[in-house]
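**Q** Structure provided below as structure tokens; questions to follow.
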Amino acid sequence: MAETVRPLKATERTIGRTARLAARPGGRLVFVPALTLALFLAPIGLGLIGTWAPAIGYLPALGGTALSLDPWRQLAAAPGLAGAVRLTLVTGFLSTALALALAFSLLAAWHGRPAFDRFRRLLGPLLAMPHAALAIGLAFLLSPSGWLARIVSPWATGWQRPPDLLLVQDPHGLALTLGLVLKEAPFLLLMGLAALNQIDAGRSVALARTAGYGPTMAWAKTVLPRLYPLVRLPVYAVLAYSLSVVDMAMILGPATPPPLAPLVLRWFDDPDLGHRFMAAAGACLQFALVAGAIAAWHGVERLVARLARPWLSAGGRGGGGALLRLVSGTAGTAAIAAAGLSVAALALWSLARRWRFPDALPGEWSLGNWMRSVDGLAPPAVTTLSVGLAATLIALALAVGCLEYERRAGIRPTTRALWLLYTPLLVPQIAFLFGIQVFLVAVRLDGSWLALTWSHLLFVLPYVFLSLADPWRRLDERYRRIGACLGAGPARVFWRITVPMLLRPILVAGAVGFSVSVAQYLPTLFAGAGRLSSLTTEAVGLAAGADRRVAAVFAFAQMALPSLGFMIALAVPAMLYRHRRGLQA
């Protein structure tokens, strides 16, 4: 009888533990979402206040205490302002539209085909490339003395000297637009692939095909209307970034006038402190431009949706989609080739000792460029690595805590929560980082490692959360219930079941966050206060110099760190779970 009672009591204890777990959803994790929001929303609010105050003349640290519209008058009279605003809007809208068109055309024409799976594997390396490294490599590729001109000279062009052509930093911003498309199209494609899992695109296309629709038309009429709302916020984030980018604009964009964000940064860096007020007004104008551009894009969305209703309900079946496959495949292949050749150009210049025009390859090779740059490379590399690792680990801890609390409490994410998460990506960096710097000066933290890590965390956290959210939410809840029924508490279930099963997504999200940290330029510039520099700030500064070899060394080192992070993220699960089928993939 006693032998029968003991299992019953054990079962009762297990049931009681499970009931208590259900009665206290979230447990101690209930404070993690509030802490997360405070850590990355409060600085943005303080930064906006710290930027808007000097824009109306109030900044005691710079001698301005009376409210005034003089900064706005100075801004209106600034030379080149109209051209900067026009260039900003043209490059921002054009690059976003082209990146979105490329991503959606690839999804419409190639999703579900074997060739697309091979293309999908290249998204990781493309996303790992920092913006500055890609821009420098693209400049080495497209400039009049760049690698492309060397490859086709003199046998095809007759050029014995670099031609007098403005291919980089052109006045229309075409090189900048190309660079933005190469960097943002993979991001939108990845967001689209993640959203396709939520709408069962394959079944929708198959049903439309049975009604006689062609593959492309079936995708456009049954998948696209449901897919776009799911990627609307990523599209807005791409638009905001394209309108306010600084590092790529300084390398690929024109200088007279530059886009608005680099122009505002130039005013912030002016030795005359009086220019800070005008710069603050320019930062507010940048914020207004981005907000107005997002509102205009949303208006175009609604107009297109209304005009497309008759087309969606019409009976046009479309053809086989061969033309779209040809165009999108060619464009996608060209984009990958341009990115790959840019990386190759960086590698060649970093190893070149002598490379005369029009030789297609260096005449002499040497590791001397790397050896001479070791002393200058080490300090920013250490800063980049330490800040990136710290910001990524903190972001992972906060993201995992929020997602685990969401699972335990049974909370479903809302649109409002997504907007809060995307706030650092939608607000232009130049519009609030100056205000954060003012706050850091007030508390005597400017130029510190802690301030630099915090500023990077603002941008690392959203990407880590977005990368990890979908795999975390798709984990079958029955695994957790089985663990609880076997007597394991929430902590043991988390460490013994959830983490091992989601190790690969966690490491990949960490690699994404680390690559985002490595790529940060403006946060390092403002929070570092000139005392802490990273590989990105050094590479951008060297890009304007005359020595391509040194710039290539720093840009290649900047690109190597995120690539190493992704390699570790893929290799660790493969080694740990090589004997467990499914977990190593």
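**Q** With Leu445, Leu452 as the choices, which residue is at pLDDT 85 or above and either assigned to a helix (DSSP H, G or I) or buried (at least 19 other Cβ atoms within 10 Å of the Cβ) (or both)?
**A** Leu452
**Q** Next question. Considering only residues that are in a loop (DSSP other than H, G, I, E, B), over 19 Å from Arg548 (Cα atoms), in contact (Cβ under 8 Å) with a residue 60 or more places away in the chain and not hydroxyl-bearing (Ser, Thr, Tyr), which ones fall in segment 145-179?
**A** Listed by number, the residues that qualify are Pro154, Trp159, Gln160, Asp170, Pro171, His172, Gly173.
**Q** Next question, about the same structure. Within segment 495-531, take every residue that is in contact with a Phe, Trp or Tyr (Cβ under 7 Å, 6 or more places away or on another chain) and outside any helix (DSSP H, G or I) and give me the one that is surrounded by the most Cβ atoms within 10 Å (Cβ to Cβ).
**A** Step by step, filter segment 495-531, then rank; the result is Gln520.
**Q** Still on this model: With modelled with pLDDT under 85 and assigned by TED's automatic domain parsing to the domain that holds Asp247 as the only criterion, which of Pro162, Pro171, Pro125, Pro144 stands out?
**A** That would be Pro125, the only listed residue that is modelled with pLDDT under 85 and assigned by TED's automatic domain parsing to the domain that holds Asp247.
**Q** I'd like the full set of residues that are in contact with a Pro (Cβ under 6 Å, 6 or more places away or on another chain) and polar (S, T, N, Q), limited to segment 448-469.
**A** If the condition is that a residue be in contact with a Pro (Cβ under 6 Å, 6 or more places away or on another chain) and polar (S, T, N, Q), then Ser455 is the only one that fits.
**Q** Among the residues of segment 547-574, count how many are out of contact with any helix residue (DSSP H, G or I) (no Cβ under 8 Å at 6 or more places or on another chain) and either buried (at least 16 other Cβ atoms within 10 Å of the Cβ) or modelled with pLDDT of 85 or more (or both).
**A** Residues of segment 547-574 out of contact with any helix residue (DSSP H, G or I) (no Cβ under 8 Å at 6 or more places or on another chain): 547, 560, 564, 567, 571, 574.
When the remaining residues are screened for being either buried (at least 16 other Cβ atoms within 10 Å of the Cβ) or modelled with pLDDT of 85 or more (or both), the result is 560, 564, 567, 571.
Looking only at that region, the number is 4.
**Q** What residue, among those in segment 212-260 that are among the small types (Gly, Ala, Ser) and more than 18 Å from the chain's Cα centre (by Cα), is farthest from Tyr422 (Cα to Cα)? Spell out the reasoning first.
**A** Of segment 212-260, the ones among the small types (Gly, Ala, Ser) are 212, 214, 218, 220, 237, 240, 242, 244, 249, 253, 255.
From what's left, more than 18 Å from the chain's Cα centre (by Cα): 212, 214, 218, 220, 253, 255.
On the way: Gly212: 40, Gly214: 36, Ala218: 31, Ala220: 27, Gly253: 26, Ala255: 30 Å.
Going through the qualifying residues, I end up with Gly212.
**Q** Turning to a different aspect of this structure: Scanning for something assigned by TED's automatic domain parsing to the domain that holds Ala135, surrounded by 15 or more Cβ atoms within 10 Å (Cβ to Cβ) and in a helix (DSSP H, G or I), does segment 351-364 turn up at least one residue?
**A** There is at least one residue in segment 351-364 that is assigned by TED's automatic domain parsing to the domain that holds Ala135, surrounded by 15 or more Cβ atoms within 10 Å (Cβ to Cβ) and in a helix (DSSP H, G or I).
**Q** Shifting gears a bit: Going by what's in this entry, would Leu182 be described as in a helix (DSSP H, G or I), assigned by TED's automatic domain parsing to the domain that holds Leu239 and in contact with a His (Cβ under 9 Å, 6 or more places away or on another chain)?
**A** For Leu182, the condition - in a helix (DSSP H, G or I), assigned by TED's automatic domain parsing to the domain that holds Leu239 and in contact with a His (Cβ under 9 Å, 6 or more places away or on another chain) - is not met.
**Q** Look through Tyr405, Tyr463, Tyr422 and report the one residue that is of a type in the set (Ser, Thr, Tyr) and under 17 Å from Leu29 (Cα atoms). Spell out how you get there, then give the answer.
**A** Working: Tyr463 fails: under 17 Å from Leu29 (Cα atoms); Tyr422 fails: under 17 Å from Leu29 (Cα atoms).
Unique residue meeting the criteria: Tyr405.
**Q** Of the residues that sit in segment 471-488 and are over 11 Å from Leu502 (Cβ atoms) and in a helix (DSSP H, G or I), which one is farthest from the chain's Cα centre (by Cα)? Working first, answer last.
**A** Pass one, segment 471-488, residues over 11 Å from Leu502 (Cβ atoms): 476-478, 480-488.
Keeping just the survivors that are in a helix (DSSP H, G or I) gives 477-478, 480-485.
Working: Glu477: 30, Arg478: 34, Arg480: 32, Arg481: 36, Ile482: 37, Gly483: 37, Ala484: 38, Cys485: 41 Å.
So the residue we want is Cys485.
**Q** In the set Ala283, Ala288, which member is modelled with pLDDT of 90 or more and crowded, with 17+ Cβ neighbours inside 10 Å?
**A** Ala283
The values are calculated or read from the model by the stated rules, or taken from the named source; none is laboratory data. Just so we're clear, the structure is a prediction, and the values are computed from it rather than from any experiment. Ideal geometry is used to build each Cβ from the backbone, glycine not excepted, and the neighbour counts take in all protein chains shown.
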